[in-house]
Every structure is written in C-alpha cells, then in structure tokens.
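Comments concern the structure below.
The values are calculated or read from the model by the stated rules, or taken from the named source; none is laboratory data. What you are looking at is a predicted structure, and each value in this text was computed from that prediction instead of being measured. We place every Cβ from the backbone using ideal geometry, glycine too, and count neighbours over all the protein chains shown. Only protein heavy atoms, including side chains, enter the accessible area calculation; ligands, DNA and RNA are left aside. Shrake-Rupley method; radii C 1.70, N 1.55, O 1.52, S 1.80 Å.
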Amino acid sequence: MIFRQLFDPQSSTYTYLLADPATREAVLIDPVFEHARRDGALIEELGLKLAWTLETHVHADHVTGAWLLKRRFGSRIALSKDSGAEGADRMLADGERVRFGKLALEVRATPGHTSGCLSYVLEDRSMAFTGDALLIRGCGRTDFQQGSPQQLFRSVRDRIFTLPDACLLYPGHDYRGLTASSVAEEKMYNPRLAESIGEGDFVGYMTHLGLAHPKLMAVAVPANLRCGRPDGEDDASAATAPGAANDWAPLSYTFAGIWELQPDWLAENGAGLQLIDVREPEEFDGALGHIKGAKLLPLGSLVANISSIGKDRPVVVVCRSGARSAQATVLLRNAGYAKVANLAGGMLRWRSQRLPVEGGTAD
Ligand SMILES: N[C@@H](CCC(=O)N[C@@H](CS)C(=O)NCC(=O)O)C(=O)O
Ligand SMILES: [Fe+2]
C-alpha cells in the first residue's frame, strides 16, 4: 500500500494518504483546508486518483479540506451518519467498508470525543486510524460536541483494543510530534485507558482535564458541518486566497512548495513578464543558449542585485535544469515578490521542446 502521514503544525493534525499501488485509487483521511494545495500536489506527483476524503469526525480545531479537494479532483466526501454534517456524498455507519482499488477500510463507530467519531481500520487489520478517539498515550477530550467519557471508554475498549495487538494506530493529532503506536502498547501504557484502569477512573480523569476550548472552534465546527464548503461569496474567494497572487499564469504547485510554469506557455505568453536567468555568464552564453529577453542575474548575486527586478510585473526564473531557479523563487518570495514562478525543467526542457533560443549551439 502507498502510505503517507502528513502534518499540520497549526493544529497538530495528521492527514493520512492511502492508495492502492495497482489501481492508483486513493483515500485521504482528515485533510486540512489550508493544506489542500499541498495534498493535491502529492496526489498528482504520485500519480494517484483521489476517490474519497474521509473524516474521522467534525473537527473543532481546523477546517477540513474535503470540499476543496472535491472541487479539484471530484473526490467524494464521506463521514459519519451521526455527524450532523450536510454536503457529504456518503454518510457512513459502523461496519461499512470504503473501497479504494483492491484495498478497503472498515468503518468502526468510536463515539465519545464527539457523537459522530469514526475509526477506519485497514481490512487486514494491520493499521487503524483512530481520529481523536484514541491518541498516543492519550485520547480526545469529551467536554463538547456531545462528548461522553463513558461512551469513549467503551469505544476504545470494545472497538479499538479488540484489534490485534500488532495493529498500528495512527491518531488524528499529536501535540508532541509522536507519529504512531500499537494496540499492545496503548493497552499497556495509555495513562487514561490502559487495561488496568476502570471506567470510573477514566471518567474522573476526563472531567478534570481543564482544557481551554480550541481557538478556532467557532469557525471550524460550522465550516466542518458543511464539509469545508466556504459560506458565501467572500469566503469562496478566501478559499483560494493563498494562491491569489498566482493567477497570472497557469501555475502548478509542487509538493516541494514551488510554483512552476510550463515552457510552452511561457514561449507563447512571455511578453509583459520579467524573465531572470540565474545561471553563470558562461552558461548564459554557452551551448544551451538563453531565452530572448532574459536578464542574467547569477543565483550567487541575485539578492545583492534584487532591486533591479521590478515588483510591478510577474517574475519567471530560469536556470539549466530548474533546480537553482527553484531556489531563486524562494529568495524572491522572501524578498516580497508575490508573483514569481519557476520555469519547469529549465533550459534543458526548453531546448528538448525545440523552443527558440538566442545563441547556443544547434542540437
Ligand atoms: N489548544 C488547542 C486545543 C486542541 C484540542 O482541544 N484538541 C482536542 C481535539 S479536537 C483534544 O481532544 N485534545 C486533547 C488534549 O489536548 O489532550 C487549540 O486551540 O486548537
Ligand atoms: Fe477533535
């Protein structure tokens, strides 16, 4: 199975990408709104087809990326029938299966943190995604969203601890950076729910956590009850806000965090853009040649000469392969240039596509 654990440092949320390597069908568990672009880039780079986004519950601390990903990939949204959410494609009940290629996740209702909490168990029971029902050496709080410590106790004991001891557990959050545990480990060492602890002890523990409500709760819960669909026109444009300065060209975003532009688009639409070539002078005048209108500013002297680049027009950066120019886009963005893109594949790809150059040797 293809498997990735992704992290949102803001809310300490884990997002899980699972895919069948044969059919490339994928599911994403608990995507985060602000990371939909990152997750989308990874899905594309791995050549996957996003079939489902699955929520473990209606989150109180971050907004789901489900709606944004559905808009981009046509993925279907699924969460618990007890979630109270609208806009999902499928409302899941205990015992159902969510299939992706030849693989499947079994749905287990594990309420208690919220009334609509689900855990997803890989069909061979080697892995379980427990959301906030069971955290590593901890568990989700039970003091809002119809939480109930009694219910959570039974969920963990009857629906998670009954999995094989070796089953790996992947939580919805970890506030210390821990990434995975196992059923055996949590049965033995969970300070709230270990097998030696009784329900009364657990309820006592949970009623005295003394946690402040999540900072984003008033925003996150209503948005998640709409599966992450922004409410109204203004928010819909906010949904694309992180990329608002990137609408001047058909840019794509890589998992490495770089905005890229394809050579054929630049060849047709280069007028009005500033093209900066960050190679060394001998390369600029060397065998690959350079693109007409490109301004030579070697990467080593880019920052010192940055004031010679205008902020009025978008900037495209080029080098031999696209590596040094990717770093140049980072330096430019750090210096306050909002409209910056890397020429994908650099001069090598430009030449391989037989696009015109000045100088250079014929191939
Ligand atoms: N300070 C965090 C609080 C996060 C929080 O309350 N998380 C919930 C999960 S949605 C929880 O159950 N936390 C358990 C704990 O912190 O022990 C925030 O503002 O977002
Ligand atoms: Fe939660």
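For the stretch 62-70, just list the computed ³J(HN,Hα) in residue order, Karplus coefficients 6.51, -1.76 and 1.60, θ = phi - 60°, integers in Hz, with x standing in for Gly and Pro.
Karplus values, whole Hz, x for Gly and Pro: 7, 9, 5, x, 4, 5, 4, 6, 5.
Counting only protein chains, not ligands or nucleic acids, how are M206, M217 ordered by accessible area (probe 1.4 Å), most first? Spell out each step's value before the answer.
Numbers: M206 10, M217 40 Å².
So, going from the largest accessible area down, we get M217, M206.
Report, ordered by chain and residue number, the aspartates and glutamates lying within cross-link reach of K295, taken as a straight Cα distance under 20 Å and ignoring same-chain residues fewer than 8 apart.
Cα-Cα hits under 20 Å: E260, D264, E268, D277, E280, E282, E283, D285, D312, E358.
Per the Kirkwood definition applied to all pairs of different Cα atoms, how many angstroms is the hydrodynamic radius of the stretch 85-193? All intermediate terms of the calculation are to be shown ahead of the outcome.
Numbers: mean 1/r = 0.0713 Å⁻¹.
So the Kirkwood estimate lands at 14.0 Å.
Using a 1.4 Å probe and ignoring any ligands, DNA or RNA, find the accessible area of S307 and quote it in Å² to the nearest 10.
For S307, solvent-accessible area is about 110 Å².
Can you give me the accessible area per residue for the chain, using a 1.4 Å probe, in Å²?
Details: 15940 Å² over 363 residues.
Solvent-accessible surface per residue comes out at 44 Å².
Give K49/K311; K49/K292; K70/K187; K102/K339; K70/K102 a once-over and call out the pairs whose C-alpha atoms are over 32 Å from each other. Write out the running numbers ahead of the final one.
Values: K49/K311 38 Å; K49/K292 39 Å; K70/K187 37 Å; K102/K339 43 Å; K70/K102 22 Å.
Result: K49/K311; K49/K292; K70/K187; K102/K339 exceed 32 Å.
Hey, could you get me the Stokes-Einstein D for the chain, Kirkwood radius over alpha-carbon pairs, 10 °C and 1.306 mPa s, rounded to whole µm² s⁻¹?
Working: Rh = 22.8 Å.
Reported coefficient: 70 µm²/s.
Per DSSP helix of 4 or more residues, -39500 (n - 2.57); summed, then divided by the residues of the chain. What does that give at 222 nm, rounded to the nearest 500? Could the numbers behind the result be given before it?
Numbers: 12 runs with 89 residues, N = 363.
That comes out to -6500 deg cm²/dmol.
Taking the C-alpha atoms of the stretch 217-363, how large are the radius of gyration and the largest Cα-Cα span, Dmax, in Å?
Rg and Dmax of the stretch 217-363, Cα atoms, are 18.2, 63 Å.
Using +1 on the beta carbon of Lys and Arg, -1 on that of Asp and Glu, and nothing else charged, what's the dipole of the chain about the Cα centre, debye to 20?
I would put it at about 340 debye.
Can you list the residues of the stretch 108-123 with backbone N under 19 Å from a point 7 Å past the Cα of A180, pointing along Cα to Cβ?
Backbone N within reach: 119-123.
Any chance you could look up the accessible area of E106 with a 1.4 Å probe, heavy atoms only, rounded to 10 Å²?
20
Mind checking which of V156, P250, V330 is farthest towards the positive end of the chain's charge dipole, using Cβ charges of +1 (Lys, Arg) and -1 (Asp, Glu) about the Cα centre?
So the residue we want is P250.
For R354 and L216, FRET efficiency with R0 = 35 Å and r from the beta-carbon atoms, rounded to 0.05? Mind showing how you got there, number by number?
Values: r = 51 Å, r/R0 = 1.46.
The formula returns an efficiency of 0.10 here.
For the chain, with the dipole built from +1 on Lys and Arg beta-carbon atoms and -1 on Asp and Glu ones, taken about the Cα centre, which of T179, L17, L348 lies farthest toward the positive end?
Of the candidates, L348 comes out farthest on the positive side.
For L105, what charge total do you get from the other residues with a beta carbon under 10 Å from its beta carbon, if Lys and Arg give +1 and Asp and Glu give -1? Kindly include the intermediate steps, with their values, before the conclusion.
Working: positive: R97, R99, R108; negative: E96, E106, E123.
Counting the neighbours of L105, the net charge comes to 0.
Could you work out the relative contact order of the stretch 16-175, using alpha carbon pairs under 8 angstrom and six or more residues apart, expressed as a whole percent? Show your work: numbers first, answer last.
On the way: 342 pairs, mean separation 28.3, N = 160.
Reported relative contact order: 18 percent.
Taking all protein chains as present, what is the carbon and sulfur share of the accessible area of the stretch 131-267, in % to the nearest whole number, probe 1.4 Å?
Values: 3670 of 6720 Å².
Its accessible area is 55 percent carbon and sulfur atoms.
Looking only at the chain, where both bridge partners belong to it, what percent of the DSSP beta bridges are antiparallel (to the nearest 5)?
Bridges in the chain are about 55 percent antiparallel.
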